[in-house]
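A.B. asks: First, the structure itself, so that you have it in front of you.
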Amino acid sequence: MKNDNSNIRTLFLTFLKIGVFTFGGGYAMIALLETEFCVRKNWLDKKEFLDMTAISESTPGPTAVNSATYIGYKIGGVLGAIAATVGVCIPSFFIIYIISLFFDKFLSLKVVYAGFRGIQVGVIYLILTAGLRMLKALDNTLLDKIIILGVFIMMILFTLFSVKFSSVFYIIISGAVGIAVYLIKTLRKRSTIK
Amino acid sequence: MIYLKLFLIFLEIGAVSFGGGYGMISIIREKVLTFGWLSEDEFVNFIAVSESTPGPLAVNMATFVGSSQAGFIGGLIATLGVVLPSFVIIFIIASIMKDLLKYSGVKAMLSGIRPCVVAMILATGITMALSSLLNITTINSKPAFDYKALIIFLLIALADVLLLKLKKFKLSPITIIVSSAFLGIIFY
């Protein structure tokens, strides 16, 4: 094992590189991370890597940031976690900052405006297909169906009737429903055993 | 104080945005529209920019909204806000609560949140489609078909489905954005 400082530098540089190449969101990055840390550097074994993926997908926040913090901590402690997280954010930060400086001027060009009108349609298509893909990936239990229908209908109705209701509440309520259903199930199981 | 507001709002977004990538879209959309930081059009445009540049959507969005509202420092503060919750949570999990995901309470909570996120993405997609293709934003708005947008939507969907079925080829988000830009230039 090399000394700590060079580990942290490697972490920072590796995640900087990953930050430059993470087009297309979280899943594209998982593949990159796997080659980088399991195959090339051998810093994580397969099982640890799968744990990391599960954790970063079931906690809030972008997958890229979550896995950077996790891998960084595993390899270089607190400093490692900071180095990796900062590294993965720097490329997009500077690219987007530069874009924000001239985005309005850029959009005032007629061709660009027309192009973006088309792009808006493409983005809506992307969002809908992403939603459908995630829908297929669910186990589709009764709880899933009820929550999906309930949240979906409420959200569309509230938007149409301009009722203000923060999305945060949907998440909190659904989480609570998940726990309640689990509690009821365990209580029932206990009473049938008795 | 705009810096504090940016920091707190993006802290909230970072703390509740489960599901990564598109999972955050509904919350980010709601916040930026409520605070008037972006219009619906600007928001959709920026999703396209974010898809065509590297980095997670939430981080890109924080940087963009922060710097367009309050310059470089604003961008920095909003980005810090959106990253901080996941940093702290992952840090706690990695250092002390290694088996957090094995607790049945956490599992039960996630079993409720997962379908909720999917429903939120779909509902957001539908409301965006209603407003962009049919010009319906509330129940009182007069529907106005945007035939051009509708045609572009159908062309993209057709190309995507056909390529997948016939050639087993999945169009990448960037290809879809670039081709819809071309269609936009042709039609508008």
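The values are calculated or read from the model by the stated rules, or taken from the named source; none is laboratory data. Small disclaimer: the values here were computed from a predicted structure and weren't measured. We place every Cβ from the backbone using ideal geometry, glycine too, and count neighbours over all the protein chains shown. What goes into the accessible areas is simple: the full protein's heavy atoms, side chains included, and nothing from ligands, DNA or RNA. Shrake-Rupley method; radii C 1.70, N 1.55, O 1.52, S 1.80 Å.
A.B. asks: I'd like the residue in segment B:83-122 that is among the polar types (S, T, N, Q) and modelled with pLDDT of 85 or more and, out of all such residues, is least open to solvent (accessible area, probe 1.4 Å). Talk me through it step by step, then tell me what you get.
C.D. replies: To start, the set of residues in segment B:83-122 that are among the polar types (S, T, N, Q) comprises B:86, B:95, B:104, B:111.
Filter once more, keeping what is modelled with pLDDT of 85 or more: B:86, B:111.
On the way: B:Ser86: 0, B:Ser111: 38 Å².
Within segment B:83-122, the match that is least open to solvent (accessible area, probe 1.4 Å) is B:Ser86.
A.B. asks: Over 19 Å from the mean Cα position of the chain (by Cα), surrounded by 14 or more Cβ atoms within 10 Å (Cβ to Cβ) and in a helix (DSSP H, G or I): is that true of B:Gly125 in this structure?
C.D. replies: No: the conditions fail for B:Gly125.
A.B. asks: Quick one: what pairs do we get from segment B:101-115, first residue closer than 15 Å to A:Leu135 by Cβ and in a helix (DSSP H, G or I), second among the β-branched types (Val, Ile, Thr) and open to solvent by less than 50 Å² (accessible area, probe 1.4 Å), C-beta under 6 Å, 6+ apart or different chains?
C.D. replies: Sorted first by the residue in segment B:101-115, then by its partner, the pairs are B:Ile113/A:Ile171; B:Pro115/A:Ile147; B:Pro115/A:Ile148.
A.B. asks: Across segment A:153-194, what is the total count of residues that are of a type in the set (A, V, I, L, M, F, W, C), surrounded by 17 or more Cβ atoms within 10 Å (Cβ to Cβ) and under 23 Å from the mean Cα position of the chain (by Cα)?
C.D. replies: Here the count works out to 5.
A.B. asks: Return the only residue of A:Gly118, A:Gly72 being open to solvent by less than 10 Å² (accessible area, probe 1.4 Å), over 25 Å from B:Asp41 (Cβ atoms) and touching a Gly at 6+ places or on another chain (Cβ under 6 Å).
C.D. replies: Details: A:Gly118 fails: over 25 Å from B:Asp41 (Cβ atoms).
Step by step, each of A:Gly118, A:Gly72 is checked, and only A:Gly72 is open to solvent by less than 10 Å² (accessible area, probe 1.4 Å), over 25 Å from B:Asp41 (Cβ atoms) and touching a Gly at 6+ places or on another chain (Cβ under 6 Å).
A.B. asks: Which ones in segment A:145-191 are assigned to a helix (DSSP H, G or I) and small (Gly, Ala, Ser)?
C.D. replies: Passing the criteria: A:Gly150, A:Ser167, A:Ser174, A:Gly175, A:Ala176, A:Gly178, A:Ala180, A:Ser191.
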